[in-house]
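**Q** Following this message is one structure expressed as structure tokens.
The values are calculated or read from the model by the stated rules, or taken from the named source; none is laboratory data. No experiment lies behind these values; they were computed from the predicted model shown. Quick reminder, even Gly has a Cβ in these numbers, built from the backbone with ideal geometry, and neighbours come from all protein chains shown. With ligands, DNA and RNA removed, areas are computed over all heavy atoms of the protein, side chains included. Shrake-Rupley method; radii C 1.70, N 1.55, O 1.52, S 1.80 Å.
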Number of protein chains: 2
Amino acid sequence: MKHTRAPDVVVRRLALYLRVLGEVAADGVDRFISSRELGDRAGVSPAQVRKDLAFFGEFGKQGVGYEVRVLQQELQGILNVDREIRVGLAGVGELGTALARYLYRRFHHDGAYAFHLVASFDVDPDKVGRPVEGDIMVYHMDELHDVVRRLGLEIFILAVPAGAAQAVADACVAAGVRAILNFAPVKLRVPPGVRLHISDVSLELQQLAYYL
Amino acid sequence: MKHTRAPDVVVRRLALYLRVLGEVAADGVDRFISSRELGDRAGVSPAQVRKDLAFFGEFGKQGVGYEVRVLQQELQGILNVDREIRVGLAGVGELGTALARYLYRRFHHDGAYAFHLVASFDVDPDKVGRPVEGDIMVYHMDELHDVVRRLGLEIFILAVPAGAAQAVADACVAAGVRAILNFAPVKLRVPPGVRLHISDVSLELQQLAYYL
């Protein structure tokens with residue numbers, strides 16, 4: 001299904017709704033969810049839920065709500081996560097190792113989880129050539145271009161030191177990666193057409209401080 | 001200075017602007033920045049920059065822009081980060097350790113960095129009683145209430161396993177913590193008046209996937 005491009009804030013909320021639906025579906029019973037319950041669990045108003053979903057079509061029934069499994073599948077389709085997406089990880093320090101463990105467990109314990117971390121990269125000769133977790137091998141950074149092409153990596157997670165992040169991002173882009181999640185505390189430049197998200201604990205703390 | 005409460009998206013962008021100003025100020029020269037340059041570096045339009053700042057008052061001069069150090073101080077005041085904010089960390093696994101190292105370094109190398117991680121908590125007897133990094137001691141979870149009060153912890157970072165997160169959040173709230181940044185992949189419930197932010201790599205990846 002093709003849609004008009006949704007605003008970033010709507011995409012962010014859809015991901016939240018999908019998480020809520022996953023929690024509800026884990027109860028194991030086929031059931032419906034109202035926009036009120038979905039909103040309550042996601043922390044937004046029922047009106048916002050209805051407006052966000054209306055952006056993509058007609059879902060749910062008046063007075064009954066949404067069928068959890070059906071809405072789940074619809075949102076997975078919209079968010080592009082109804083297929084396996086191969087992910088690479090650059091930087092196998094403490095943060096990178098924690099992320100690798102988390103993603104390995106999620107992918108192998110949740111059949112609907114789209115993100116498959118298949119390769120990681122570092123420059124440390126003690127790390128290269130061994131798995132960081134399960135079957136996730138650590139390759140040398142110099143192999144990044146070849147491995148991206150060979151294994152079809154689509155999204156990269158950057159958990160490298162700040163000073164190395166731009167060079168690694170450039171290498172990812174040159175290899176054809178079109179989406180990067182950057183954990184390095186530094187602003188990166190990527191060409192148009194490449195989507196860059198930042199995960200920055202300092203930014204999060206600064207937002208929280210506003211509400212103190 | 002007191003302001004009308006700003007929308008969350010504006011607060012998020014203010015934190016981004018402050019990061020850009022920090023990068024620019026690091027050049028060491030006193031200088032001005034236009035809303036175009038600030039917007040370019042933060043990834044938003046110049047009009048959005050002007051609108052966001054206008055929410056809080058009059059900054060900058062027509063045709064000249066904003067004095068970097070002045071705007072930095074203003075934004076620090078608005079975001080409440082012009083003073084030391086004492087932070088606690090629950091969970092000293094791989095992710096918690098990575099966060100502790102990062103925050104320790106930021107606070108001790110950047111004089112303007114507001115967030116001071118002063119205590120961490122775990123249940124592992126091998127970890128309790130030793131520092132996780134520098135002078136950041138690991139306390140037992142059972143001591144959380146007392147330590148929060150004694151050290152004046154205002155913000156908590158949760159890096160505990162999903163199954164433990166709600167109990168730890170409840171303990172934080174009971175001790176008087178009013179802002180929580182949750183890294184555990186689970187939806188938490190907190191009472192009104194407590195601000196909860198989520199840092200979830202799966203949510204980030206799902207948003208990125210939309211743009212593939």
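**Q** Label-point separation (nm) for residue B:82 and residue B:175, each offset 7 Å from Cα along Cα-to-Cβ?
**A** According to this spin-label approximation, the distance is 3.0 nm.
**Q** Just to compare against my own numbers: the Cα pair-distance distribution for region A:102-212, 10 Å bins, whole % per bin, please.
**A** 13, 40, 34, 11, 2
**Q** Oh, and also: From largest to smallest, what semi-axes in whole angstrom does the protein assembly as shown give when each is the square root of 5 times an eigenvalue of its alpha carbon gyration tensor?
**A** 30, 27, 27
**Q** With a 1.4 Å probe and all protein chains kept in place, how do A:130, B:12, A:19 rank by accessible area, largest first?
**A** Ranked list, largest accessible area first: A:130, B:12, A:19.
**Q** Now for a different question. What are the ³J(HN,Hα) values, in whole Hz, obtained from phi via the Karplus relation 6.51 cos²θ - 1.76 cosθ + 1.60 with θ = phi - 60°, for each residue of region A:60-67 in sequence order, with x given for Gly and Pro?
**A** After applying 6.51 cos²θ - 1.76 cosθ + 1.60, I find x, 10, 3, x, 10, x, 10, 6 Hz.
**Q** Follow-up question, since we're still on this one. Show which aspartates and glutamates lie in cross-link reach of residue B:51 when reach means a straight Cα distance below 18 angstrom and same-chain residues fewer than eight apart are skipped.
**A** Residue B:51 reaches B:8, B:37, B:40, B:67, B:74.
**Q** Check each of the GluC sites (Glu not before Pro) in region B:1-94 and keep only those in coil by DSSP with at most 10 other C-beta atoms within 10 angstrom; list them in order.
**A** Here the GluC sites (Glu not before Pro) that fit, given the DSSP loop and packing criteria, are B:58.
**Q** Kindly identify region B:8-79 as rounded, prolate or oblate by the Cα gyration tensor criterion: order the square roots of the eigenvalues as a ≥ b ≥ c, call it rounded if a/c is under 1.5, otherwise compare a/b with b/c, prolate if a/b is larger, else oblate.
**A** Judged from the Cα gyration tensor, region B:8-79 comes out rounded (a/c under 1.5).
**Q** Please sort by residue number the trypsin sites (Lys or Arg not before Pro) in region B:104-212 whose DSSP state is loop and whose Cβ has at most 12 other Cβ atoms within 10 Å.
**A** Qualifying residues, ordered by number: B:189.
**Q** Got the residue B:46 label distances to the other copies yet, label 7 Å along Cα→Cβ, in nm, shortest first?
**A** So the distances to the same position in the other copies read 4.6 nm.
**Q** Take every DSSP beta bridge whose two residues both sit in chain B, then give the antiparallel share in percent to the nearest 5. Write down the numbers at each step before the final one.
**A** On the way: 5 of 27 bridges.
Taking every DSSP beta bridge with both residues in chain B, the antiparallel ones total about 20 percent.
**Q** Which value at 222 nm does chain B reach when only helices count, each DSSP H run of 4 or more adding -39,500 (n - 2.57), with the total divided by all residues and rounded to the nearest 500 deg cm²/dmol? Spell out each step's value before the answer.
**A** On the way: 8 runs with 95 residues, N = 212.
Value at 222 nm, helices only: -14000 deg cm²/dmol.
**Q** Kindly sort A:34, A:202 by accessible area of their heavy atoms, largest first, with the probe set to 1.4 Å.
**A** Result, largest first: A:34, A:202.
**Q** In square angstrom, rounded to the nearest 10, how much accessible surface does residue A:97 have for a 1.4 Å probe?
**A** Residue A:97 has an accessible surface of roughly 20 Å² with all protein chains in place.
**Q** Taking K and R as +1 and D and E as -1, what net charge do the other residues with C-beta under 10 Å from the C-beta of residue A:211 add up to?
**A** +2
**Q** Separate question: Please go through region A:34-83 and write out the trypsin sites (Lys or Arg not before Pro) that DSSP classes as loop and that have at most 12 other C-beta atoms within 10 Å.
**A** Those satisfying the criteria are A:83.
**Q** Taking residue B:23 in one copy and the same position in all the others, each labelled 7 Å out along Cα→Cβ, what are the pairwise distances from the first, in nm, shortest first?
**A** 3.4
**Q** In terms of Cα to Cα distance under 15 Å, which aspartates and glutamates are near enough to residue A:127, apart from those fewer than 8 places away along the same chain?
**A** A:94, A:135, A:142, A:143
**Q** Moving to a separate point now. At a 1.4 Å probe radius, which order do B:137, A:141 fall into by accessible area, largest first?
**A** From most exposed to least exposed: B:137, A:141.
**Q** Above 29 Å lies some portion of the pair distances; for chain B, what is it as a whole percent of all C-alpha pairs?
**A** Considering chain B, 35 percent of its Cα-Cα pairs are separated by more than 29 Å.
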